[in-house]
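Taking it in order: structure first as structure tokens, then the write-up.
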Amino acid sequence: MTLRTARKVVWTVLVAAGSGERFGGPKQLARLGGRTVLDVALDTALAATDGVVLVVPESSMESMARLGCIVQKGGATRSDSVRAGLARVPSDADFILVHDAARPMASGKLYARVIEALERGELAVVPVMPVVDSLKRSSGEVGLISVSRENMMVAQTPQGFSASALRAIHAARLDTTDDADAAERIGIRVSSVSGEAHNLKITTRSDLAVANALWEIGVRGIDA
Ligand code: CTP
Ligand code: MG
């Protein structure tokens, strides 16, 4: 069953091939609401889009062979993993979303918002949240320098692209922390939609504790 009614063919590249160094191990296999971070992220992607390429480390290729999605071996960097996944997306895809499995709390509504912006003709779409903390730049001998947070945004995933734009972006073989950055660098205009406060990225164990606490009070990726 899909949550989407539009005619466009939408695929997700779900990247889960990182080693979780800051977490202290493969965080995609950590427990979230009695399941794994990866299972929760995959369920939402499968419900919200027409197909999913799941990108995992070579060591987990066999155990990850799952009904309903294409499983692909990742690369050394996130950008390499996205490129490996992108190569497996069928050629009839109109739009491709790239999502970090480390953000299992992204809701189906957020996927829909990104897809709607693509349907309006945007080529690259990023969910963003306003910065709430005061910002400082480290400046060596001068010490910290305050930076205005006006117009500053924190970027999330899923980030959405027209399929041809994403293929052009990755043909440039740039190494960036997200795909929107690579899009900008090749001159593609990136637009924004509202992100979600609960769409946290699990980087450390305290992030996982927060995600589980949200889960306990009923926040769910699919229908949050
Ligand atoms: N990722 C990937 N392939 C890589 C590196 C990262 O597919 N070579 C994925 C991760 O699995 C994650 C997402 O990209 O879903 C965002 O990366 P990050 O949060 O940095 O995860 P890790 O790289 O696993 O963590 P760390 O940087 O702490 O090692
Ligand atoms: Mg990383």
Point to revise | Test: residue in the range 142-156 that is surrounded by 12 or more Cβ atoms within 10 Å (Cβ to Cβ) and under 15 Å from L97 (Cβ atoms) | key: yes
Answer yes or no: is there a residue in the range 193-212 that is among the acidic types (D, E) and at pLDDT below 95. no
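Kindly evaluate R173 against the criterion of being within 16 Å of ligand 1 (Cβ to nearest atom), touching a Phe, Trp or Tyr at 6+ places or on another chain (Cβ under 7 Å) and of a type in the set (K, R).
No, not satisfied.
Considering every residue within the range 126-141, establish whether at least one is touching a helix residue (DSSP H, G or I) at 6+ places or on another chain (Cβ under 8 Å), surrounded by 21 or more Cβ atoms within 10 Å (Cβ to Cβ) and within 30 Å of R7 (Cα to Cα).
Looking only at the range 126-141, we keep the residues that are touching a helix residue (DSSP H, G or I) at 6+ places or on another chain (Cβ under 8 Å), and these are 126-127.
With the extra rule that they be surrounded by 21 or more Cβ atoms within 10 Å (Cβ to Cβ), the set shrinks to 126-127.
Those left that are additionally within 30 Å of R7 (Cα to Cα): 126-127.
Checked the range 126-141: at least one residue is touching a helix residue (DSSP H, G or I) at 6+ places or on another chain (Cβ under 8 Å), surrounded by 21 or more Cβ atoms within 10 Å (Cβ to Cβ) and within 30 Å of R7 (Cα to Cα).
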Scanning the range 15-39 residue by residue, the ones that are surrounded by 24 or more Cβ atoms within 10 Å (Cβ to Cβ) and touching a Pro at 6+ places or on another chain (Cβ under 9 Å) total 5
Only one of A48, A102, A117 is within 14 Å of ligand 1 (Cβ to nearest atom) and touching a residue at least 40 places away in the same chain (Cβ under 8 Å), namely A102
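To keep it simple, each residue is scored yes or no on (1) hydroxyl-bearing (S, T, Y); (2) at pLDDT 95 or above; (3) on the phi < 0 side of the Ramachandran plot.
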| site | (1), (2), (3) |
| --- | --- |
| Q72 | no, yes, yes |
| G85 | no, yes, yes |
| P90 | no, yes, yes |
| A102 | no, yes, yes |
| S107 | yes, yes, yes |
| S138 | yes, no, yes |
| S146 | yes, yes, yes |
| N151 | no, no, no |
| A155 | no, yes, yes |
- Query: Just wondering, is there one or more residues in the range 90-110 that are over 14 Å from the mean Cα position of the chain (by Cα) and either within 16 Å of ligand 2 (Cβ to nearest atom) or β-branched (V, I, T) (or both)?
  - Reply: no
If we ask which residues in the range 157-177 are within 14 Å of the chain's Cα centre (by Cα) and surrounded by fewer than 19 Cβ atoms within 10 Å (Cβ to Cβ), their number turns out to be 2
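The values are calculated or read from the model by the stated rules, or taken from the named source; none is laboratory data. Keep in mind the model is a prediction, meaning the values are calculated, not measured. Positions of Cβ are backbone-derived with ideal geometry, glycine not excepted, and every protein chain shown enters the neighbour counts.
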